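Take a look at the structure below.
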Amino acid sequence: MSAPPSPPLPTGLLLVGLYGSNGLTLLASQVCASRSLLHHSPAGERLPPSLATCLTQAPSPAGLHALPRMPSFLGARVGGWDVVRPRDLRAHLISHGSLPHELASQVPHAALAAAPFYPGAFSPRFYGESVTGAAAAALSARPPGAALAAVRENIRSFKASQRVAEVTVLYSGSVENYDPAYVPETVKELMGIFAVGSERDPPPSLVYATAALLEGCSYVNSSSHPLPPALVALADANGVYVLGTDFKAGQTKFKSCAVEYLRAVGMDVRCVASSNHLGNGDMRNLASGGGLGAKLRVKGDVFKCWDMPNLEHTVAVSLTPFIGDEKRDFVEYSSRGFMSQVHTMATYTRCSDSILCVPLLIDAACLAVFFQRHNHPFPNVARAMSYLFKVNEGLAEGVDPGFFEQMLALKREVALAVAPRSRAPSFAHSPDGAAKDPGVSAPPAFAIAPWLASTPAVLAAGLVCLDLQLLGASTPSSLEAIAGFSGSSHIAGGSVSMVSRALARMSSCSQCVFPSVVPLCHVGEDAAGDTLLGLLRQPKYNNVDLTICSEQRTGSTGMAVLPVYTTGGRGCFYDPGANAAFEPQELIAMIMESTTRPVAAFVFGYPHLLKLMHGEHLRAVFKQAHQNMIRSSSRGGVTVLDLNGAPAPSSAAANPASVSDDPVIGRALGYVDIVHLNEEELNSIAGHAASSIEEKAQQFIAAGAAVVAVTLGAKGCYIACGDANRFSACRSLPKAWIGLSGFFPAAPLESSNLNVVGAGDAFTAGLLTAALIRVGDCRGSRTYFDAGVVRPASFSLEDPEATPFSLFAKEQMALMQTSPPSFSDRDSSDHETPVTSTLALLTKCNTMWAEASPHAKRVYEERAEEELKEKDRELIERIRSDESLSSEEGASGDEGRGGGSLSLREAAGLAGFVAAKHIDAATRGDEELDVGEFVGRLLGA
């Protein structure tokens, strides 16, 4: 049996206002619930520390009943910022009065102080005197850029020390004064606020929001300060969310419910007059001149999305220190009803303000993580979480403010997030600015794709450049010696171009193996860029889709001069050009756009030469690609990392202790399925760890990679594979490779006219293809012969694995083929003819699937998931229990083949074949490379 999957890492919550009433109440509630601390009611009843009103945490939440378990608040890691730091946190908690004295007294100071604390960003002009006078622990006065850098460093420190997966930053600080100068429209304007030379401090909420998004964290804006469009754009580019304007906690939430009711029964609501008073720190800030206008703005704009031109909506707030954190409000609703007579009703509410707000903080953080883990589209998430906020701004603008309508939207989006799809959602917007809603309006794409989908696409990302090859170059005798060459040529170079070309020309039976190869890169807006794209637009590469990289042109194109020596080697002189400005958030956005269709693989090349794609940034890219491919196809896809360009260390001390600590690639390897590098690059990265190639390669396996392939030039290659637990994370990798390793010879070369430029890229493309294809033919055997000629083996990139729709369609087709037809195609004479073609039957099944109930679909989803798991379990168990299969035999013999996949020996042979055809100048430019014929010969040998 395969090892059970590791439990997900805990989620992280970073709270602005950690030691305010909301922050301490949140910390204390986590302590109370995790320790099951009890207290007594006034009548003596023993009361548990309930998490009721947290929709994401209650055992059977009414709003989200029967839907997937949300991230656990009790297991979350909590930390944050504040401008005050009380010495005795328990005494401070008790003084707030949000929890009963008996319960608050049981919470130890040490438990509250265990949450990581960071001095908060602060600017006195945005707050009232009550906050300004207490701000002792704030960051010392710094330029805006320094404050931003400090908060970003806090976030990194929290992630590292707490070992969390996703982190959500929530603003629960005091209400800020509104300043229209700090509502930037573009990311460029936003970053200009923090540029060197900026004199005025921006609102602290903007500092926290910008830092969070730049560090790949979602941000929840419970401040009354408007949500700038620039933050929405920055969040979208980084694949995270920025949500809300001011929490809708008590009075306002019920207002949206009451007015929705009055409108639903036909009342003409004419006047809503409300007042509330409380005595907590937030109210003292408002009373002393801090943000009162901003607060009244959001309270008054609650109904602005409804067409109610005659509505008089008034809001009054007042400070009453005696009642502390308790909030009391009174609202009167006056409407015209039947016969235009006045209908009036009133509500009165009293409750601790923190008891109302803390569940919203918990829900906001857990929902953001839930949607992020399911890669749900930003516009959909903004609409789903609008129930939390007073004003729907950003991508939630225009959402119906009614409470019940918003709850329905939340339930709908949670269900969609976990529903199986054949394509991933896109964060793109339609030309008119409205958010696209994939997964709701296009059932055919969801239903037909799992059964009829063509071969998926491959994404080729990373470095791209225009190469100038100096052919037939002689090796200079010294640095200043004159060396000759005989001719030159321009080629599309870099990992993106080389991999795209290698994949694009692979064929089987005159059909492309990969119908779509999508380059994701930075091409300059210059003549060199025009030349580069022109080379990739040649007819023989007509399956290379240049749409995205053609739209993203900027700067100067990367260039390389490559002397191709007569001895077979090559030199390289390189100018990165636009590659130097290629940022991870740009690549993530490209991945989002590309995975709206099934994707078989993501290949990323030359990270060492892309200075902005190192460490955590590279990890974020591979994580996003991994998640999106899972969403785009039931089998997920394969992630590949090509390490060409790894520099030799200047000294032994320059190497980290292990590959997992490598500053460029170490953090990403857990999301990389196949790593390719040559022997020199292996020694550069892992030379510190071991002496043999095998031991060095195992460093990559230990760091999280599933397969490591080391090319050794004329000596061939060495390939090592991880264990069953690692392979279970990638269904597309052949299970027959689990735990195997071996040295494999190089493919023979048929010519002495060689050009090794791009040989590693070609090998990588060949190994990826070998990992994906599944072999078979119409006769049920691997190969067949006719008059002594070996015929090509047929293969596809799809396993015959179950999907929810395929199970449903098989059952329905069997019923329709054995029962009288209930539908028909009509010919021109209007005679009914039974539909018997597979396409027509599947079309009918598609319609039936689109109309099936959510419960019925969940039944098929569970069946499909169980079938996939059972298939994996059986294959892994067979491999483990076969004692006759040694690593060497499994790597080199047919016994290592399983489920129609190539054995490791055969895969190495195919990769070597592709590389050899690329190195040989006589076959390098061929329009097609028939890998189908080669596989047939390989299996028949």
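I'd like the FRET efficiency for LEU712 and GLU583, computed as 1/(1 + (r/R0)^6) with the beta carbon distance as r and R0 of 35 Å, rounded to 0.05.
That gives a FRET efficiency of 0.50.
Going highest first, how would you order 161-168, 19-26, 512-519 by mean Cβ packing within 10 Å?
19-26, 512-519, 161-168
Ranked from highest to lowest mean number of other Cβ atoms within 10 Å per residue, what is the order of the peptides 554-560, 491-497?
Packing proxy ranking, top to bottom: 491-497, 554-560.
How high is the FRET efficiency between SER550 and GLU189 when r is their beta carbon distance and R₀ equals 25 Å, given to the nearest 0.05?
Between SER550 and GLU189 the formula returns 0.40.
Could you tell me which of the pairs LYS623/LYS735; LYS540/LYS917; LYS735/LYS857; LYS623/LYS696 are separated by over 26 angstrom between their Cα atoms in the structure shown?
LYS735/LYS857
With every protein chain left in place, what is the accessible area of HIS608 in Å² (1.4 Å probe, nearest 10)?
Approximately 40 Å² for this residue.
Shape call for the stretch 344-388 from the C-alpha gyration tensor, a ≥ b ≥ c root eigenvalues: rounded (a/c under 1.5), prolate (a/b greater than b/c) or oblate?
It comes out oblate by the Cα gyration axes.
In nm, give the distance between the simple-model label positions of LEU479 and ARG263, each being 7 Å from the Cα along the Cα-to-Cβ direction.
Result: 7.5 nm between the two label points.
Which loop trypsin sites (Lys or Arg not before Pro) in the stretch 653-742, with loop taken from DSSP, have no more than 15 other Cβ atoms within 10 angstrom of their Cβ?
In loop regions of the stretch 653-742 (DSSP not H, G, I, E or B), there are no sparsely surrounded trypsin sites (Lys or Arg not before Pro).
Take the alpha carbon atoms of the stretch 467-545, find their center, do the same for the stretch 722-754, and report the distance between the two centers in whole angstrom.
About 26 Å separates the Cα centre of the stretch 467-545 from the one of the stretch 722-754.
The values are calculated or read from the model by the stated rules, or taken from the named source; none is laboratory data. Model, not experiment: these values are computed from the prediction. Note: ideal-geometry Cβ built from the backbone for every residue, glycine included; neighbour counts use all protein chains shown. Just the protein is used for accessible areas: all its heavy atoms, side chains included, with ligands, DNA and RNA removed. Shrake-Rupley method; radii C 1.70, N 1.55, O 1.52, S 1.80 Å.
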